[in-house]
Amino acid sequence: MKDIPTGFEVLGASANGYADGSGTADIGQGDDNPEVVIYLTKGKSVSFDNKQLNVGESITLNNILFDQGKADIKNESMPELNKLVSFLQANPQAEIELSGHTSSEGERNIIFHFHTGE
């Protein structure tokens with residue numbers, strides 16, 4: 001690496017098929033600086049709603065509400081759906097699968113399944 005400013009720096013690394021990694025270093029002038037080792041783990045990991053989510057894992061979106069007998073989503077569902085919108089904006093390569101079920105029986109849940117677009 002060349003032309004890294006002096007001082008405390010956070011260095012990042014990424015590679016297809018691996019979760020991103022980072023390391024820190026106190027960079028001084030010249031070529032005599034400590035080696036920085038950044039380990040990348042196989043598989044992609046992202047953050048959703050303050051939880052780590054790996055490729056292939058599913059999470060449940062709660063509070064996705066519908067009017068009885070209709071397919072219209074209620075306004076009370078928007079905060080939960082906005083979390084998904086924010087996730088997709090922050091991870092444009094992500095591919096997701098949404099599935100849900102509405103009826104007078106059972107739980108009112110939507111399943112969110114994370115895939116990588118790589």
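Quick note: the coordinates plus some simple rules give every number you see, no bench work behind them. In this text the structure is predicted, and so the values were computed from the model without any measurement. Cβ: placed from backbone, ideal geometry, glycine included. Neighbour counts: every protein chain shown.
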message = Taking R0 as 41 Å, what FRET efficiency do you get between PHE66 and GLN89 from their Cβ-Cβ distance, rounded to the nearest 0.05?
response = 0.95
Sparse-neighbour loop sites [chymotrypsin sites (Phe, Trp or Tyr not before Pro); the range 12-78; at most 16 other C-beta within 10 Å; DSSP] = TYR39
key: Distant-in-sequence amide H partners of ALA94 (H built 1.01 Å from N, under 5 Å)   = GLY117
query = trypsin sites (Lys or Arg not before Pro) within the range 1-89: which are DSSP loop residues with at most 14 other Cβ atoms inside 10 Å?
reply = LYS2, LYS70, LYS74
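Taking the Cβ of GLY23 as the centre, find all other residues whose Cβ is under 14 Å away and add up their charges (Lys, Arg: +1; Asp, Glu: -1). Intermediate results must be reported in sequence, preceding the final value.
Values: positive: none; negative: GLU9, ASP20, ASP26, GLU35.
In short, -4.
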